[in-house]
Amino acid sequence: METWDAIRARRNVRAYEDRAIAPDHLDRILEAGWRSPSASNRQHWDFVLVTEPSQLQELSTVWTGAGHLAKAKAAIVLVLPEPEDGRYRTIDQYDLGQATMAMMLAAADLGIGSGHAAIGDQEACRRILRTPTDHICAYMLAFGYPADRPLKPIAKPNRRPIAEVVHRGRW
Ligand SMILES: Cc1cc2nc3c(=O)[nH]c(=O)nc-3n(C[C@H](O)[C@H](O)[C@H](O)COP(=O)(O)O)c2cc1C
């Protein structure tokens with residue numbers, strides 16, 4: 001898919017076909033995250049790939065808005081070390097956002113749908129993934145071939161009017 005088409009086609013996909021994702025496609029999605037820029041090239045992130053259905057089912061319970069993970073074919077959990085200083089908290093979140101979008105666009109390029117999920121129950125996530133206690137399970141991305149929302153460029157996305165969002169030269 002052309003980059004511009006992938007940008008316009010990406011949307012949250014939360015229902016998936018019962019079709020496995022090839023391991024090399026998952027590797028490419030992970031590599032997209034790995035290649036992402038981060039402030040001072042800190043790379044304060046770890047990505048935990050989960051493909052085991054029982055683990056995906058468990059992860060679907062760590063947040064009320066994470067139900068779609070139960071039927072996903074894979075998930076990537078974005079894990080952050082506790083920031084050494086409070087001022088890095090925003091920076092690290094910004095960096096994770098960049099890695100997230102890179103992975104979602106790489107997936108869209110391959111025709112693979114993706115869906116965000118936040119994490120409420122840190123203890124449960126740590127137990128499921130065995131992450132260290134000085135790390136935070138920040139967000140999850142679910143992946144699978146779309147069952148209900150085809151990845152085609154969206155002509156009219158559900159967004160605030162562009163003229164209201166974009167300011168040129170001054171507010
Ligand atoms: C930081 C962040 C957290 C999100 N958390 C969830 C979530 O927990 N569950 C969910 O279903 N969607 C979640 N979303 C998806 C948003 O609801 C979605 O991106 C937004 O409604 C725009 O829709 P689109 O991605 O289809 O364009 C999250 C998105 C972001 C950026």
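Within region 1-17, count every residue that is open to solvent by 40 Å² or more (accessible area, probe 1.4 Å) and out of contact with any helix residue (DSSP H, G or I) (no Cβ under 8 Å at 6 or more places or on another chain).
Counting residues in region 1-17 that are open to solvent by 40 Å² or more (accessible area, probe 1.4 Å) and out of contact with any helix residue (DSSP H, G or I) (no Cβ under 8 Å at 6 or more places or on another chain) gives 6.
Test Arg170 against the stated conditions and say whether it is open to solvent by 70 Å² or more (accessible area, probe 1.4 Å), modelled with pLDDT of 95 or more and under 16 Å from Leu49 (Cβ atoms). It would help to see each step written out before you state the result.
Details: open to solvent by 70 Å² or more (accessible area, probe 1.4 Å): yes; modelled with pLDDT of 95 or more: yes; under 16 Å from Leu49 (Cβ atoms): no.
No, not satisfied.
Which one of these is buried (at least 16 other Cβ atoms within 10 Å of the Cβ) and out of contact with any His (no Cβ under 9 Å at 6 or more places or on another chain): Leu80, Leu59, Leu96? Working first, answer last.
Values: Leu80 fails: out of contact with any His (no Cβ under 9 Å at 6 or more places or on another chain); Leu96 fails: out of contact with any His (no Cβ under 9 Å at 6 or more places or on another chain).
Being buried (at least 16 other Cβ atoms within 10 Å of the Cβ) and out of contact with any His (no Cβ under 9 Å at 6 or more places or on another chain) holds for just one of Leu80, Leu59, Leu96, which is Leu59.
How many residues does region 18-27 contain that are touching a residue at least 60 places away in the same chain (Cβ under 8 Å) and either within 15 Å of the ligand (Cβ to nearest atom) or open to solvent by 100 Å² or more (accessible area, probe 1.4 Å) (or both)?
Step one: filter region 18-27 for residues touching a residue at least 60 places away in the same chain (Cβ under 8 Å), giving 19, 21, 25-26.
Remaining after also requiring either within 15 Å of the ligand (Cβ to nearest atom) or open to solvent by 100 Å² or more (accessible area, probe 1.4 Å) (or both): 19.
Summing the residues that are touching a residue at least 60 places away in the same chain (Cβ under 8 Å) and either within 15 Å of the ligand (Cβ to nearest atom) or open to solvent by 100 Å² or more (accessible area, probe 1.4 Å) (or both) in region 18-27 gives 1.
Please indicate, with yes or no, whether at least one residue in region 129-148 is surrounded by 10 or more Cβ atoms within 10 Å (Cβ to Cβ), of a type in the set (D, E, K, R) and over 20 Å from Glu31 (Cβ atoms).
Narrowing region 129-148 to residues surrounded by 10 or more Cβ atoms within 10 Å (Cβ to Cβ): 129, 131-132, 135-148.
Adding the requirement that they be of a type in the set (D, E, K, R) leaves 148.
Okay, now just the ones that are also over 20 Å from Glu31 (Cβ atoms), so 148.
Yes; the residues of region 129-148 include at least one that is surrounded by 10 or more Cβ atoms within 10 Å (Cβ to Cβ), of a type in the set (D, E, K, R) and over 20 Å from Glu31 (Cβ atoms).
Under the condition of being within 15 Å of the ligand (Cβ to nearest atom) and out of contact with any His (no Cβ under 7 Å at 6 or more places or on another chain), which residue from region 106-116 is most open to solvent (accessible area, probe 1.4 Å)? Walk me through it before giving the result.
Applying the first criterion (within 15 Å of the ligand (Cβ to nearest atom)) to region 106-116 yields 107-108, 112-116.
From what is left, the residues that are out of contact with any His (no Cβ under 7 Å at 6 or more places or on another chain) are 107-108, 113-114, 116.
Numbers: Ala107: 0, Ala108: 2, Gly113: 0, Ser114: 3, His116: 80 Å².
So, considering only residues that are within 15 Å of the ligand (Cβ to nearest atom) and out of contact with any His (no Cβ under 7 Å at 6 or more places or on another chain), the one most open to solvent (accessible area, probe 1.4 Å) is His116.
For region 61-96, name all the residues that are near the ligand (Cβ under 10 Å from one of its atoms) and more than 30 Å from Arg19 (Cβ to Cβ).
Gln93
Enumerate the pairs (first residue in region 125-149 and at pLDDT below 95; second residue anywhere and open to solvent by less than 30 Å² (accessible area, probe 1.4 Å)) with beta-carbon separation below 6 Å, excluding pairs fewer than 6 apart on the same chain, so at least 6 apart or on different chains.
So the pair list comes out as Arg149/Val13.
Would you please list the contacts, defined by Cβ atoms under 6 Å and residues six or more apart or on different chains, that run from a residue in region 54-70 that is over 16 Å from Phe143 (Cα atoms) to a residue that is of a type in the set (Gly, Ala, Ser) and buried (at least 16 other Cβ atoms within 10 Å of the Cβ)?
Listed pairs, sorted by first residue: Val62/Ala124; Trp63/Ala117.
Considering only region 121-171, how many residues are in a loop (DSSP other than H, G, I, E, B) and of a type in the set (Val, Ile, Thr)?
The first filter runs over region 121-171 and keeps only residues in a loop (DSSP other than H, G, I, E, B), leaving 121, 130-134, 145, 147-161, 166-171.
Right, trim to of a type in the set (Val, Ile, Thr) and you get 131, 133, 154, 166.
The total comes to 4.
The values are calculated or read from the model by the stated rules, or taken from the named source; none is laboratory data. Predicted, not measured: the structure shown is a model, and the values here were computed from it. Backbone-built Cβ (ideal geometry, glycine too); neighbour counts: all protein chains shown. Surface accessibility is based on the protein's heavy atoms, side chains included, excluding ligands, DNA and RNA. Shrake-Rupley method; radii C 1.70, N 1.55, O 1.52, S 1.80 Å.
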